[in-house]
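See structure below.
The values are calculated or read from the model by the stated rules, or taken from the named source; none is laboratory data. Since we're looking at a predicted model, the values are computed, not measured. All Cβ positions, glycine included, derive from the backbone under ideal geometry; neighbour counts span all protein chains shown.
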Amino acid sequence: MRRDAGHPVVYEGAPTPAERPTWPLGGAALALLGLVWEAIARLGWVPALFLPAPTAVLAEAGRMALSGELWRHVGVSLARVGLGFGLGAAVGTVLGLLLGSSRTLWAIGNPIIAATYPIPKIALLPLMILWLGIGETPKVAMIALGVFFPVVINAYAGVRGTDPLMVKAAKSLGAARWQVVLRVVLPSALPTILAGYRLGAGIALLLVVSAEMINATSGIGFLILHSGDLMLTGKLMVGLATLSLLGLASTWGLRALEAWLAPWKEEGRG
Amino acid sequence: MRVRVDSVSKVYPAPAGGRLVALEDVSLDVEDGEFVTILGPSGCGKSTLLQVIAGLEAPTRGRVTFEGAPAGGALTAVVFQEHALFPWRTVRDNVTFGLEVRGVPAAERLALSRQLLALVGLEGFADRYPHHLSGGMRQRVAIARALAVQPALLLMDEPFSALDAQSRALMQLELLALWERTRRSILYVTHQIQEAVLLGDRVVVMTRRPGRILAVRPVPLPRPRDERTMLDPVFVTLVDECWQLIKHDAREALADAP
């Protein structure tokens, strides 16, 4: 802005504009994408073999739900993820808490974790199959390993991040060592541990699909690969949409768990 | 109960193989019901002394004795600077923490927390979390939390130093009023001269590196005290005298602050 000597500079009063929510914009964009897609498919610009219309995919999903095919695949995948996640998260949490509480254990465990962490976990599937045979066990074991690492690292970080002042305050009020661990270290580490669970859930979904594409006769990964082989693009799309919904559901579920377990984090300190 | 601090020294090993003498030969008594303030520049070991008395740090030499300690209740409890409340606990659950770890039944805890929150003027805030509260309110919760375990000596480690000047002034007056009602022994650490003189029956002035007691000055100001006490010539003279005592050390502290 140019200012001339001798002229007053004036900032005039104006009402502060209210902050508008952004979700209508995102929702409209998503709806528009669906409409364009539908139009392209209906007008026959792209053959249905490559791009079935959203309504056709929905109809296919309805058929698969009624016949039970969809639920069978979803159920199998969820069982693998559930078992693997439960195992990996449980072991990772306990081990992370121990590593965080003892310098000695950390000195022993850290190099082992640092050396094995960079291996993409899908690369372990052949070894797991060799060790544990084909079937469910190697898939569950691989998912558990994939979940274990982010959880153990976050649990460790959570414990180490405990404010020493909190520990002092607890001790000065008469808390014994185990009471400090249960009532100070654990709640203080909880949000970080739950963030590890969120990371682990994403990895579990990735790994279950990968494993089912390599070595399975059921599950969402198998459904997608098999439908692709048979050029059943509608079923393939149903598989992809299911994965999107499962990913959203796990994120929302873990957020809700965090809001319930760590209500002090929900507001105020962002 | 009388607390005797007897020739206490605290030496920390320094990184480069040297030694850091935080406290050297500190002796001090706190009589029953007395309000003692410890005044010193930053790095004079006054917080270390407090933690030794609280049992959070062991002295390298010397000892701390609690003579005629009452059977029930804790020996000491500490009110730290800001941010020492447990953020995952509500105000009520912060106040009852010390009772919980002692196994006091829930009904009794609830009744006690009501009393204590009323004492510090926070009746309506029991279910809030600390991040909902202002700095001054948080420190009132911290005081209630420490009083809950009925400490024979209340230790306060610069409890109002993180507050803005006006909140600090108001909290000092509240603490004075609270002490008038309870007459509990208090050992209060501060680097603020006016605060030390306004609150204390005695001001213990410490030097830094090593942390030693330089002087002990009784405060002959009448009680109950309030903001008008600070206009009293005795107050003004004593504040000036304390400033002359610590000025040299405060300059040094300013020079080697990181």
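Here are a few things to note about the model shown:
- Against the test of being in contact with a Gly (Cβ under 6 Å, 6 or more places away or on another chain), touching a residue at least 40 places away in the same chain (Cβ under 8 Å) and either closer than 27 Å to B:Val197 by Cβ or surrounded by 14 or more Cβ atoms within 10 Å (Cβ to Cβ) (or both), the options B:Lys46, B:Lys10 yield a single qualifying residue, B:Lys46.
- Of all residues in region B:75-100, those that are closer than 27 Å to B:Asp32 by Cβ have Cβ atoms under 8 Å from Cβ atoms of residues that are among the aromatic types (Phe, Trp, Tyr), 6 or more apart or on another chain, in B:Leu75/B:Phe66; B:Phe97/B:Phe86.
- Every test in (1) touching a residue at least 40 places away in the same chain (Cβ under 8 Å); (2) of a type in the set (D, E, K, R); (3) over 24 Å from B:Phe35 (Cα atoms) is passed by B:Arg251 save one, and that test is (1).
- Complete set of residues in region B:53-74 that are under 20 Å from B:Lys10 (Cα atoms) and in contact (Cβ under 8 Å) with a residue 24 or more places away in the chain: B:Ile53, B:Ala54, B:Glu57, B:Pro59, B:Thr60, B:Arg61, B:Gly62, B:Arg63, B:Val64, B:Thr65, B:Phe66
- Checked against (1) buried (at least 21 other Cβ atoms within 10 Å of the Cβ); (2) without any contact (Cβ under 8 Å) to a residue 24 or more places away in the chain, B:Ala106 passes all but a single condition, namely (1).
- Annotation: of all residues in region A:174-203 being touching a Pro at 6+ places or on another chain (Cβ under 9 Å) and among the aliphatic types (A, V, I, L, M), the one that is nearest to the other protein chains (Cβ to nearest Cβ) is A:Ala195.
Each row is one residue, and each column tells you yes or no for (1) surrounded by 20 or more Cβ atoms within 10 Å (Cβ to Cβ); (2) out of contact with any His (no Cβ under 6 Å at 6 or more places or on another chain); (3) among the aliphatic types (A, V, I, L, M).
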{"residue": "B:Gln150", "(1), (2), (3)": "no, yes, no"}
{"residue": "B:Ala196", "(1), (2), (3)": "yes, yes, yes"}
{"residue": "B:Gly200", "(1), (2), (3)": "yes, yes, no"}
{"residue": "B:Arg212", "(1), (2), (3)": "no, yes, no"}
{"residue": "B:Met230", "(1), (2), (3)": "no, yes, yes"}
{"residue": "B:Phe235", "(1), (2), (3)": "no, yes, no"}
{"residue": "B:Val239", "(1), (2), (3)": "no, yes, yes"}
{"residue": "B:Trp243", "(1), (2), (3)": "no, yes, no"}
{"residue": "B:Lys247", "(1), (2), (3)": "no, yes, no"}
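- Whichever residue in region A:219-240 is more than 29 Å from A:Pro118 (Cα to Cα) and in contact (Cβ under 8 Å) with a residue 60 or more places away in the chain and, among such residues, is surrounded by the fewest Cβ atoms within 10 Å (Cβ to Cβ): A:Met231
- Taking region B:120-225 and the helices (runs of 4 or more DSSP H) fully enclosed by it, the elements with 3 or more residues that are within 14 Å of chain A (Cβ to nearest Cβ) are at B:135-148.
- Some residue of region B:179-188 being touching a strand residue (DSSP E or B) at 6+ places or on another chain (Cβ under 7 Å), within 18 Å of B:Glu34 (Cβ to Cβ) and hydroxyl-bearing (Ser, Thr, Tyr): yes
- Put simply, of A:Ala241, A:Ala175 the only residue that is assigned to a helix (DSSP H, G or I) and either aliphatic (A, V, I, L, M) or modelled with pLDDT of 95 or more (or both) is A:Ala241.
- Selection status of B:Val91, under 23 Å from the mean Cα position of the chain (by Cα), crowded, with 21+ Cβ neighbours inside 10 Å and β-branched (Val, Ile, Thr): yes
- Matching entry among A:Gly109, A:Gly82 (being at negative phi and buried (at least 17 other Cβ atoms within 10 Å of the Cβ)): A:Gly109
- Within region B:220-244, residues that are among the β-branched types (Val, Ile, Thr) reach partners that are not in a helix (DSSP H, G or I) with beta carbons closer than 8 Å, at six or more positions or on different chains, in the pairs B:Thr229/B:Leu221; B:Val234/B:Pro220; B:Val234/B:Leu221.
- Filtered residues of region A:256-270 (kept if assigned to a helix (DSSP H, G or I) and free of Cβ contacts under 8 Å to residues at least 24 places away in the same chain): A:Ala256, A:Ala259, A:Trp260, A:Pro263, A:Trp264
- Taking the listed residues A:Ala65, A:Ala41, A:Ala61, A:Ala53, the one that is surrounded by 12 or more Cβ atoms within 10 Å (Cβ to Cβ), in contact (Cβ under 8 Å) with a residue 60 or more places away in the chain and not aromatic (Phe, Trp, Tyr) is A:Ala61, with no other qualifying.
Residues checked against (1) surrounded by 13 or more Cβ atoms within 10 Å (Cβ to Cβ); (2) of a type in the set (S, T, N, Q); (3) without any contact (Cβ under 8 Å) to a residue 40 or more places away in the chain:
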position: A:Leu125; (1), (2), (3): yes, no, no
position: A:Leu132; (1), (2), (3): yes, no, yes
position: A:Gly135; (1), (2), (3): no, no, yes
position: A:Phe148; (1), (2), (3): yes, no, no
